[in-house]
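For reference, the structure discussed in these notes is given below.
The values are calculated or read from the model by the stated rules, or taken from the named source; none is laboratory data. All values derive from a computational prediction rather than experimental measurement. Cβ placement follows ideal geometry from the backbone for every residue including glycine, while neighbour counts extend to all protein chains displayed. Side chains are part of the model used for accessible areas, which takes the heavy atoms of the whole protein and leaves out ligands, DNA and RNA. Shrake-Rupley method; radii C 1.70, N 1.55, O 1.52, S 1.80 Å.
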Amino acid sequence: MDAGTAAVLGAMVGAVGTTAAAFATSWWGARSTERQLAAQERSARRQLGFDHHRERREPRRQAYADFIAQGRAVERALGRYQDAHVGEMDVFHQEVEKLDHLGTHVQLEGPESIIEPMLEVTGEAHRCIKPLGEAIRALEDHPQADERYRRSTTDDLAMAGLEFTAALKAFADAGRRALEADGTAAG
């Protein structure tokens with residue numbers, strides 16, 4: 001092999017090596033850029049999820065707080081009967097209607113896990129209507145009624161009130177869990 005051929009072969013090997021090195025560097029750089037972009041996209045999606053949950057959290061918190069406050073108003077309406085032994089069914093019905101209305105807000109705000117506890121609270125509130133009416137009638141219509149009958153109606157009302165209070169506490173616990181999940185989960 002003469003010197004000219006060796007020089008041409010050397011130049012070709014150098015050119016191929018340089019081209020291969022440039023291609024490998026370019027390929028590696030493109031892969032690194034793709035990885036960085038994918039990581040940034042995942043981070044942006046995660047941040048959007050957190051932002052979405054943060055935006056949803058306050059209306060949920062407000063809906064849950066309003067519902068619980070109205071539940072307390074229903075408890076107070078039951079308590080007024082028990083404390084003063086006078087009852088106004090209209091007032092109690094109005095309080096339960098407000099609770100139903102606020103339950104609709106809770107349903108709209110969600111999440112799904114809060115709906116069943118909310119329905120349990122409103123159901124228990126409605127179940128209090130009958131024992132409250134019977135206890136009021138026992139006092140108003142039958143002032144000289146058998147003490148056992150009066151005590152029985154009062155006991156039924158107290159039991160209904162306790163079940164309502166337990167359902168309201170379960171709702172508050174479910175609401176707290178739902179709000180805590182909003183702060184930690186994305187998606």
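Among residues of region 151-169 that are within 14 Å of GLY133 (Cα to Cα), those with a beta-carbon under 9 Å from a residue that is surrounded by fewer than 18 Cβ atoms within 10 Å (Cβ to Cβ) and of a type in the set (S, T, N, Q) at least six positions away or on a different chain give the pairs THR154/GLN82; LEU157/GLN82; ALA158/GLN82; GLY161/GLN82. Between GLU58, GLU34, the distinction of being modelled with pLDDT of 80 or more, open to solvent by 100 Å² or more (accessible area, probe 1.4 Å) and acidic (Asp, Glu) belongs to GLU34 only. Exactly one residue out of GLN47, GLN62 is under 30 Å from ALA172 (Cα atoms) and more than 18 Å from the chain's Cα centre (by Cα), and it is GLN47.
Out of VAL74, VAL121, which single residue is open to solvent by less than 30 Å² (accessible area, probe 1.4 Å) and at pLDDT 95 or above? Steps first, answer last, please.
Values: VAL74 fails: at pLDDT 95 or above.
Exactly one residue qualifies, and that residue is VAL121.
If you go through region 151-178 and keep only what is crowded, with 18+ Cβ neighbours inside 10 Å and at pLDDT 80 or above, you end up with LEU157, ALA160, GLY161, PHE164, ALA167, LEU168, PHE171, ALA174, GLY175, ALA178.
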